[in-house]
Amino acid sequence: REASSMKDFTLVNLDTDSITVSKKDGSPFSELEEKNLLDELNSIYPENIKWEPDGYFPVVIVLRAKNYILYDGKKKKIKGSSMRDPKREKALRELINRFIDSLIEERSDLVEIYKEYAKEIYAIKDINRWSIRKTLSEKVYSSERSNETKVVDAIHDTEYVEGDRVYMYYKPDDTLCLVERFDGEYNKERLYEKLYKTVRIFETILPVKEMFINYSLKRSQKLLEVLIQS
């Protein structure tokens, strides 16, 4: 903090064991400047604390504590559970990555991307993209909570056993069903709500309420009809 003030840097991000700064005018650091800064930083810390360079990133997007994106010009690093949840539906993980790429490239197509997935939800052909993964643990079988009992109900009369992973989706009545039993009927309202909640990950840097329509709401149904017909 003291070094940042002396150098007149902007503190961009602070993690458990790292710090990211930029110049006030946004100009790049030269290799010599990076080396001198690192040497100076290490000179003011005890010998058992060693600072090492993590890279130079022309683009840094910070969403919240411990959730940020680093882009070095070729590859992007995504840090944080909000963007990397493996249990999230494949289509929504895909949307997050497309949003990140758009932000990195400073494109203006976020609303169009969002609408693309909203249209897909309206007439899903591949339910696998919108399914959730469940692990058949002992807890699932013994729990009396509806979250777990719905899973058990969905696998009755199957050969699945404890330890297996299964993929499921929500039916219109909000019960769970195995993807291999997909009959074309699914809970659209739940998926539209998940779609909107997913883009809210970016609400610290984007005006989400103004940019994106929550199609799960009754007042948005006419707007959804217009979208589908477009």
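Listed values, structure above:
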| quantity | calculated |
| --- | --- |
| Contacts under 8 angstrom Cβ, first residue in segment 201-222 being acidic (Asp, Glu), partner in a helix (DSSP H, G or I), 6 or more apart | Glu203/Lys209 |
| Residue check, Lys119 open to solvent by 60 Å² or more (accessible area, probe 1.4 Å), touching a residue at least 60 places away in the same chain (Cβ under 8 Å) and under 19 Å from Pro207 (Cα atoms) | no |
| Options Val226, Val166, Val161: the member that is open to solvent by 90 Å² or more (accessible area, probe 1.4 Å) and either in contact with a Cys (Cβ under 7 Å, 6 or more places away or on another chain) or among the aliphatic types (A, V, I, L, M) (or both) | Val226 |
| For Lys87: the one exception among (1) under 30 Å from Ile228 (Cβ atoms); (2) modelled with pLDDT under 95; (3) touching a Ser or Thr at 6+ places or on another chain (Cβ under 8 Å); (4) open to solvent by 90 Å² or more (accessible area, probe 1.4 Å) | (3) |
| Matching residues, segment 12-23, being surrounded by 10 or more Cβ atoms within 10 Å (Cβ to Cβ) and in a loop (DSSP other than H, G, I, E, B) | Asp15, Ser18 |
| Residues within segment 24-48 that are in a helix (DSSP H, G or I) and either of a type outside the set (Asp, Glu) or open to solvent by less than 80 Å² (accessible area, probe 1.4 Å) (or both), tallied | 12 |
| Any pair with Cβ under 8 angstrom, 6 or more apart, that starts in segment 65-78 at a residue that is of a type in the set (D, E, K, R) and ends at one that is in a strand (DSSP E or B) | Lys66/Lys79; Lys76/Ile69; Lys76/Leu70; Lys77/Ile69; Lys77/Leu70; Lys77/Tyr71 |
| Set Lys134, Lys119, Lys125, Lys139: member being among the charged types (D, E, K, R), within 22 Å of Arg88 (Cβ to Cβ) and in a loop (DSSP other than H, G, I, E, B) | Lys125 |
| Tally of residues being open to solvent by 70 Å² or more (accessible area, probe 1.4 Å), under 19 Å from Asn67 (Cβ atoms) and in a helix (DSSP H, G or I) across segment 186-219 | 2 |
| Residue list for segment 54-68, filter: exposed (fewer than 14 other Cβ atoms within 10 Å of the Cβ) and over 25 Å from Lys35 (Cβ atoms) | Arg64, Ala65 |
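The values are calculated or read from the model by the stated rules, or taken from the named source; none is laboratory data. Just so we're clear, the structure is a prediction, and the values are computed from it rather than from any experiment. Cβ coordinates were reconstructed from backbone atoms using ideal geometry, including for glycine residues, and neighbour counts include every protein chain displayed. The accessibility values were calculated without ligands, DNA or RNA, using every heavy atom of the protein model including side chains. Shrake-Rupley method; radii C 1.70, N 1.55, O 1.52, S 1.80 Å.
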